[in-house]
1. Specify the residue that is surrounded by the most Cβ atoms within 10 Å (Cβ to Cβ); the eligible residues are those in the range B:14-39 that are at pLDDT 80 or above and over 20 Å from B:LYS244 (Cβ atoms).
2. Say whether the condition of being aliphatic (A, V, I, L, M), modelled with pLDDT of 85 or more and surrounded by 17 or more Cβ atoms within 10 Å (Cβ to Cβ) is met by at least one residue in the range A:16-29.
3. If a residue must be more than 10 Å from chain A (Cβ to nearest Cβ) and hydrophobic (A, V, I, L, M, F, W, C), how many such residues does the range B:59-96 contain?
4. Under 6 Å by Cβ, and 6 or more places apart or on different chains, what pairs join a residue from the range A:110-121 that is not small (Gly, Ala, Ser) with one that is not in a helix (DSSP H, G or I)?
5. Can you name the helices (runs of 4 or more DSSP H) wholly within the range A:63-158 that have at least 1 residues being under 30 Å from A:GLY224 (Cβ atoms) and of a type outside the set (Val, Ile, Thr)?
6. Inspect all residues belonging to the range A:37-55 and state whether any of them is out of contact with any Leu (no Cβ under 6 Å at 6 or more places or on another chain), among the basic types (Lys, Arg) and surrounded by 13 or more Cβ atoms within 10 Å (Cβ to Cβ).
7. Can A:MET194 be described as at pLDDT 90 or above, within 14 Å of chain B (Cβ to nearest Cβ), out of contact with any Ser or Thr (no Cβ under 7 Å at 6 or more places or on another chain) and farther than 17 Å from A:PHE31 by Cβ?
Amino acid sequence: MDYILSGLIQAFELLFQGNPETYSAVKTTVFASSLSVGASMLIGAPLGFCLGYARFPGARPIRVVVDTMLSLPTVVIGLLCYAFMSHRGPLGDLGLLFTIPGMAIGQTILGLPIVVALTASAVENLDHRLKQTLLTLGAEPHQLLLTSLWEARFALALAGAAAYGRIVSEVGISMMIGGNIKWHTRTITTAIAMETGKGQFAVGIALGLILITLALLVNLAMSGLKRLSGQ
Amino acid sequence: MAKKFLILWMAALLLLTTGLMSAWAADSVMLATTTSTDNTGLMDILAPRFEKDTGIELKWTAIGTGKALEMGKNCDVDVLLVHAPAAEKKYVADGFGRDRTQVMYNDFVIIGPKNDPVALRGASVVEAIKKLATGKAAFVSRGDNSGTHKKEISLWKKAGMAVPDQQKWYIQTGQGMIATLNVATEKGAYSMTDRGTFIKYSENHGVNPPLVALVEGDPGLFNQYSLIAVDPANCSNTKYGLAKRLAEWMTSDDIQKLIGNFKLMNKRLFIPNAR
């Protein structure tokens, strides 16, 4: 029990004394996950809209595929991305392996199905009269897309938060593509895995606390948004 | 409203691309190193000093020797710091690497619980392996094709034993050296490690580590660390010049002295032996 308590105490010391290694991992995590959540939203929201809005043959199988991809294991994504990004792989010349953009691409693959699936459901649940009204008013297709997404904006934000939660907590992709390189691609989760492996529980606990705090902040922002939308 | 959304979308896209651009790396050399140099904290001392001396950033990823050699074959790193001489020589002969340079050495130790249930203390390496093979106590192996794992396999062969791959008492972690020693500690089992990581492990556990060195000092337990540059003939993208620079720097008198002075619990972890 003793080492857990001393771990907690040391954790707070690391946080409040501004330990550069700890903050480097936090910075990398925030940077990489922001990139990937951003990309997931930008690509996923329009795709999700099409899936939820349009009626076309094959929409149902695509939904099944997207829903299956929701449970894609991070290590499988990591493995596939590694195979593609290695210098022997087809994308090797881009030099993405062991970089934050490389990690962000893998994490985008993780976040994308979440955003697509949740956006599609949100758009499906929109008031059907909206589409009719817009069409009667002579809206162009892109106006239809943007207005519908705007109406579903809070559901979109929730989709973003869900994707963020999954991305910020994953370790497989960051470890395999990032390589856990100190000062560069070491994220909070890869650092926790490594520190636990080394038996350094204090640093692990400190980083775990930060991760929980990050998640808390995002969720507070979300509930704030929800309350705003209610007014 | 729709227009606002479009502007937001465009702005986010712009932000994303600039973010991606800024993350692209500057001048740096990428090293794949064995876990022992990272776990002990040696890399944390060498990397900043290298950057200070040469202005080149040293990035490293800590993995087993087997995986490091694979990464070199795939051209994913520029230079390797590894410790499996036989595999290294084959790697160079096969045209994947060049300029193999000796940097430092230490030795392997077979460690185990203090009460030593199969009485390894003071035994020769071959005797020790034969005693372990009785299976009366658990043995924790790296099982990851690392330098230490390769050495361990060679010891089983030397003792005329088959590697006890599927035996219940033979635990393969597939993890780094310190992680493996922590598993051995939890299980009260025997294991084998390089001296540097063992000293670090002892330091982690304060004055009284649960596992102690039982078999040591045999010339067959010698452990040489070497740098190998990835051969530019195999990998056109490799930073061969920078890799060479790193080798020159690491074998210089100053840095050899720095490695020799790296101590924990007042013990040297690695002994420099560049020629």
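1. Looking at the filtered set, the residue picked out is B:SER36.
2. yes
3. Residues meeting the conditions: 12.
4. Listed pairs, sorted by first residue: A:PRO113/A:LEU70.
5. In the range A:63-158, the matching helices (runs of 4 or more DSSP H) lie at A:100-124, A:128-136, A:141-151.
6. no
7. On the way: at pLDDT 90 or above: no; within 14 Å of chain B (Cβ to nearest Cβ): yes; out of contact with any Ser or Thr (no Cβ under 7 Å at 6 or more places or on another chain): yes; farther than 17 Å from A:PHE31 by Cβ: yes.
So A:MET194 does not fit the description; no.
Yes or no, residue by residue, for (1) modelled with pLDDT of 90 or more; (2) more than 17 Å from B:GLN175 (Cα to Cα); (3) among the small types (Gly, Ala, Ser); (4) over 15 Å from the mean Cα position of the chain (by Cα):
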site: B:GLY41; (1), (2), (3), (4): yes, yes, yes, no
site: B:PHE50; (1), (2), (3), (4): yes, yes, no, yes
site: B:ALA68; (1), (2), (3), (4): yes, no, yes, no
site: B:LEU80; (1), (2), (3), (4): yes, yes, no, no
site: B:GLU88; (1), (2), (3), (4): yes, yes, no, no
site: B:GLY95; (1), (2), (3), (4): yes, yes, yes, yes
site: B:ARG100; (1), (2), (3), (4): yes, yes, no, yes
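The values are calculated or read from the model by the stated rules, or taken from the named source; none is laboratory data. These numbers were taken from a predicted model, which means no experiment stands behind them. In this analysis, Cβ positions are derived from the backbone assuming ideal geometry, glycine residues included, and neighbour counts consider all displayed protein chains.
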